[in-house]
Amino acid sequence: MSDKVAVIGAGAWGTAFAAHLVRCGHDVSIWCREPETAADIRSGKNETFLPKIALPEKIEPTTDLRIATDGARFVFFAVPVQHIASVVEGIPENSIREDAIFVSLSKGIERSSGRLPSAIIEKAIAGKRTVIALSGPSFAAEVARGKPTILVAAGEISAAEAVQHAVASENLRAYYSDDRLGVELSAALKNVLALAAGLSDGIGLGENARAALIVRGLAEMHRLLKALGASGTTAFGIAGLGDLVLTCTSDASRNYTLGKMIAKARRASDVLSKVNWVAEGAYTAGAALELASNAGVELPITEQVVAVLEERISPQSATRRLMTRPLKAEFPK
């Protein structure tokens, strides 16, 4: 049975997921911030954010949040984390079904508050709807083309299962979890670690170094999840290790690419002022470090990423600091 679903945000990921939802048989409306993006999608493409990919005709673009969300059973948010609150607050309450489930597709931490995407949405809607996080290793272009992908829907179990069934297809396998906090923390921190991997590759440290960043980054993720009350097991799952490996090893990753660009430019501010896309790791790193500090845990790789982004040290110096830290057991008792 098909439902009307809404996708809020017509960047690469929102557009790709809207295309996937059409293939699942849903009636799909997508909210676009820019009228020119809506016009582009109406003509069967999104050349600004998802170039060279033909989109299904049945995606209905609009610049009106009321039209997008009116009667939708599921509302998917694919909005940069720092802008989620203002967008959600713009949705008229009377356009939303009482049984609607809100689903966050965003990955990051709000700098001003330290909140994760689902918590931002919940506050903006005063807790009146269930909010689920949907995450995993999923490059937009591959999802748009129907390549095999896995995701995990996390939150209140009955709602997570509803989302699981709504998005599952022969090309996308969905799992469910009750650890929304762990899934969203993993999704946020993997962006920072992908940026670190890009910095490493950008200065030519080699594949050994990249593997070291992935495995020790996973240790950071596990520590942070446990310290903040999530399940440490989630770090080794789809939203943790799965997404971490993907985004630390491919030029299709915005965060990895940003790290390589910063390594070559030597000044993070020069790069960040010129890119026309959002790499959440650059905005999340400081917030993640603050969360860790408040919880009393160390995130050495994240700490060095922040230092490079703030232009206090070079990527080479950051590497030296990591490699000369005091020696210790791999798994302290």
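Taken together, the values in this text are just the output of simple stated rules run on the coordinates, not laboratory data. Here the structure is a predicted model, which means the values were calculated and not measured. Here the Cβ positions follow ideal geometry from the backbone for every residue, glycine too, while neighbour counts run over all protein chains shown.
A straight chain from Ser86 to Asn294 at 0.36 nm per residue would run longer than the Cα-Cα distance by 72.2 nm. The amide H of Phe77, built 1.01 Å from its N in the peptide plane, has Ile8, Val103, Ser104, Leu105 as neighbours under 5 Å, considering only residues 5 or more places off or on other chains.
For the stretch 21-33, 3J(HN,Hα) computed residue by residue from phi via the Karplus equation (6.51, -1.76, 1.60; θ = phi - 60°) reads 5, 4, 5, 6, x, 7, 8, 10, 10, 10, 8, 10, 5 Hz, glycine and proline entered as x. Of [x] 57, 40, 36; [y] 99, 43, 35; [z] 79, 56, 47, which is the value of Cα extents along the principal axes in Å derived from the coordinates here? It is the one labelled [x]. Within a straight-line Cα-Cα reach of under 21 Å, Lys52 can be paired with the following lysines, leaving aside sequence neighbours fewer than 8 residues apart in one chain: Lys147. Volume of the convex hull of the stretch 1-104 (Cα atoms only), normalised per residue: 85 Å³. With a Förster radius of 35 Å applied to the C-beta separation of Lys123 and Asn208, the computed FRET efficiency comes to 0.20.
Bridging of Lys260 to aspartates and glutamates at a Cα separation below 20 Å is possible for Asp201, Glu207, Asp243, Asp251, Asp270, Glu280, Glu303, Glu310, Glu311, once same-chain residues fewer than 8 apart are set aside. Using the Cβ-Cβ distance between Ala39 and Thr324 with R0 set to 56 Å, the FRET efficiency from 1/(1 + (r/R0)^6) comes to roughly 0.55.
Using only Cα atoms, tell me the angle between helix 157-167 and the longest principal axis of the chain; keep it within 0 to 90° and round to the nearest 10. Helix 157-167 sits at roughly 70 degrees to that axis. Against the chain, whose longest principal axis is taken from its Cα atoms, helix 280-295 shows a tilt of about 70°. Could you tell me the center-to-center distance, by alpha carbons, between the stretch 278-319 and the stretch 45-75 in angstrom? Their Cα centres are 35 Å away from one another. Counted over the chain, the DSSP beta bridges are approximately 15% antiparallel. Sorted ascending by nearby beta carbons within 10 Å, beginning with the fewest, Met221, Met323, Met261 become Met323, Met261, Met221.
Could you work out how far apart the two model spin labels at Arg266 and Arg145 are, taking each label as a point 7 Å from the Cα in the direction of the beta carbon, and quote it in nm? With each label placed 7 Å out from Cα toward Cβ, I get 3.7 nm.
In a fully extended conformation the segment linking Asn94 and Ala227 would gain 44.0 nm over its present Cα-Cα distance, using 0.36 nm per residue.
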